[in-house]
Amino acid sequence: MSSPSDRNSAAASHSPGEVLALIGSGAVTTRADIARVTRMARSTVSQRVDALIAHGLVDEDADGGSTGGRPPRRLALRTREHAVAGVDLGASHCRVALMDIGGTTLATHEEPLSIGDGPDSVLRHVERTLRALLEETHREPGTLRCIGVGVPGPVEFSTGRPVDPPIMPGWHRYPIPEFFASRFGVRALVDNDVNVMALGEQRRAFPDCRYLLYIKVGTGIGCGIVADGELHRGAQGCAGDIGHIRVADLDDPCRCGNAGCLEAVAGGASLAAKLVALGLDAASGSDVVRLVQSGNRDAVRMVREAGRAVGEVLAGLVNFFNPDTVVMGGALAAVHDQLLAGVREAVYRRSHPLATQLLRIEPSRTGENAAAVGAGILAIEHALSPEQVNRLVAG
């Protein structure tokens with residue numbers, strides 16, 4: 001049994017940042033709640049809460065309800081003066097979402113934009129868009145706390161720099177975080193777009209899911225991994241690059257220089273090229289979707305076959321990782337009836353019955369907002385991390 005001194009030492013370890021995390025999660029709503037949950041002395045609770053209020057991170061008002069006597073004052077995260085941005089850079093689009101630190105989306109804007117235009121042009125466009133959204137929502141640039149960015153290529157997460165991204169010419173090792181730091185004076189976190197999609201989907205649509213795979217089937221194919229509720233990036237940040245896993249008995253040439261890669265077999269660009277060879281008008285994965293939705297038999301057949309190819313690879317992942325949820329997103333997920341039919345057929349045929357016993361395979365619920373929202377959540381979780389909050393409170 002621990003001694004009183006041990007318990008006091010444990011209680012003292014609850015920093016202002018940890019207290020704010022309790023308030024932000026809704027686990028506590030009053031000072032009495034904090035004292036009960038943390039076992040800190042009331043005087044220590046008051047010090048922590050007063051410091052959070054003084055730094056504009058917490059509001060306290062008098063509608064906490066009462067069981068008699070003076071009503072307790074309710075604590076809540078202060079969101080008005082704190083905003084983050086989520087930036088979704090795709091191969092041919094840019095979507096920027098402005099959010100408060102409570103996770104409410106304040107405004108979004110999307111425009112067609114080619115990632116091939118290069119970092120200077122693309123990031124200046126993001127800067128202009130973000131400033132316009134701040135003005136639209138009547139927020140000063142100084143209220144921005146962090147920026148999250150998802151890009152369609154491999155990223156060294158520790159530095160936020162893309163590394164040899166195949167569809168991002170001119171972006172190799174470009175210092176994206178430094179660009180935003182020089183313009184807005186805040187930290188920017190950069191990640192692969194599928195990773196932030198997985199984060200957004202899990203936090204918003206499947207909060208009780210601890211083991212999730214997010215499969216993006218668009219121009220290329222990638223996988224975001226949530227393990228025990230946390231995003232898993234691997235040792236260097238490139239976990240989940242399933243687009244270049246070989247599909248058995250197929251030799252379609254891939255842009256990576258190999259043949260038979262899943263992306264070359266089932267990616268949106270590959271399917272579009274195959275439809276063009278049949279005399280159909282299809283320049284991209286979006287055109288494949290259009291043809292499927294119009295009932296074109298060749299397009300429907302190809303998407304179903306693509307689903308089977310994705311399912312063959314996914315079956316191995318299900319056996320290896322044992323997720324409880326698989327989410328299908330990306331451009332081709334818009335025709336999820338056909339795509340998921342092929343995926344499910346292969347997964348349930350090739351995976352162990354125990355691994356599929358409770359497995360859900362579903363289309364994305366966050367849809368086209370997945371990457372921008374996920375990038376915003378990445379920024380929020382950094383801005384509200386105990387380490388960051390403790391630094392702010394300590395001055």
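The values are calculated or read from the model by the stated rules, or taken from the named source; none is laboratory data. Predicted model only: the values in this text are computed from it and were never measured. Cβ atoms come from the backbone with ideal geometry, glycine included; neighbour counts cover every protein chain shown.
Data for the structure
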{"item": "Complete set of residues in the range 85-109 that are of a type outside the set (G, A, S), in a strand (DSSP E or B) and in contact with a helix residue (DSSP H, G or I) (Cβ under 8 Å, 6 or more places away or on another chain)", "result": "V87, D88, L89, C94, R95, V96, L98, M99, T105, L106, T108, H109"}
{"item": "Checking P175 against (1) in contact (Cβ under 8 Å) with a residue 24 or more places away in the chain; (2) assigned by TED's automatic domain parsing to the domain that holds T129, the condition it does not meet", "result": "(1)"}
{"item": "Pairs where the first residue, in the range 328-357, is in contact (Cβ under 8 Å) with a residue 12 or more places away in the chain and the second is aromatic (F, W, Y) and not in a helix (DSSP H, G or I), C-beta under 9 Å, 6+ apart", "result": "M328/Y214; G329/Y214"}
{"item": "Unmet requirement for Y214, which otherwise passes all of (1) in contact (Cβ under 8 Å) with a residue 60 or more places away in the chain; (2) in contact with a Gly (Cβ under 9 Å, 6 or more places away or on another chain); (3) in a loop (DSSP other than H, G, I, E, B)", "result": "(3)"}
{"item": "Boolean, A273 is within 26 Å of the chain's Cα centre (by Cα) and either surrounded by 16 or more Cβ atoms within 10 Å (Cβ to Cβ) or free of Cβ contacts under 8 Å to residues at least 12 places away in the same chain (or both)", "result": "no"}
{"item": "Residue check, A132 farther than 23 Å from N195 by Cβ and part of a helix (DSSP H, G or I)", "result": "yes"}
{"item": "Meets criteria (touching a Lys or Arg at 6+ places or on another chain (Cβ under 8 Å), under 21 Å from E368 (Cβ atoms) and in the same structural domain as L340 (by TED's automatic domain parsing)) for G285", "result": "no"}
{"item": "Subset tally (residues that are in contact with a Lys or Arg (Cβ under 6 Å, 6 or more places away or on another chain), modelled with pLDDT of 95 or more and under 25 Å from H93 (Cβ atoms)) for the range 354-372", "result": "1"}
{"item": "Test set (1) over 21 Å from S121 (Cβ atoms); (2) modelled with pLDDT of 95 or more; (3) of a type outside the set (S, T, N, Q); (4) out of contact with any strand residue (DSSP E or B) (no Cβ under 7 Å at 6 or more places or on another chain) - F179 fails condition number", "result": "(1)"}
{"item": "Failed criterion for S158 (all others in (1) assigned to a loop (DSSP other than H, G, I, E, B); (2) free of Cβ contacts under 8 Å to residues at least 60 places away in the same chain hold)", "result": "(2)"}
{"item": "Residue check for I167: within 23 Å of I377 (Cβ to Cβ) and of a type outside the set (G, A, S)", "result": "no"}
{"item": "Condition check for S46: surrounded by 14 or more Cβ atoms within 10 Å (Cβ to Cβ) and either under 31 Å from the mean Cα position of the chain (by Cα) or charged (D, E, K, R) (or both)", "result": "no"}
{"item": "Selection from the range 110-129 of residues that are farther than 20 Å from L378 by Cα and assigned to a helix (DSSP H, G or I)", "result": "I115, G116, D117, P119, D120, S121, V122, R124, H125, R128"}
{"item": "Which numbered condition H82 fails, given (1) in contact with a helix residue (DSSP H, G or I) (Cβ under 7 Å, 6 or more places away or on another chain); (2) surrounded by 22 or more Cβ atoms within 10 Å (Cβ to Cβ)", "result": "(2)"}
{"item": "Test: residue in the range 122-133 that is more than 17 Å from I147 (Cβ to Cβ) and not assigned by TED's automatic domain parsing to the domain that holds G285", "result": "no"}
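Conditions (1) over 24 Å from the mean Cα position of the chain (by Cα); (2) part of a helix (DSSP H, G or I); (3) crowded, with 19+ Cβ neighbours inside 10 Å, marked per residue:
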residue	(1), (2), (3)
A283	yes, no, no
R290	yes, yes, no
V310	no, yes, yes
V327	no, no, yes
V343	no, yes, yes
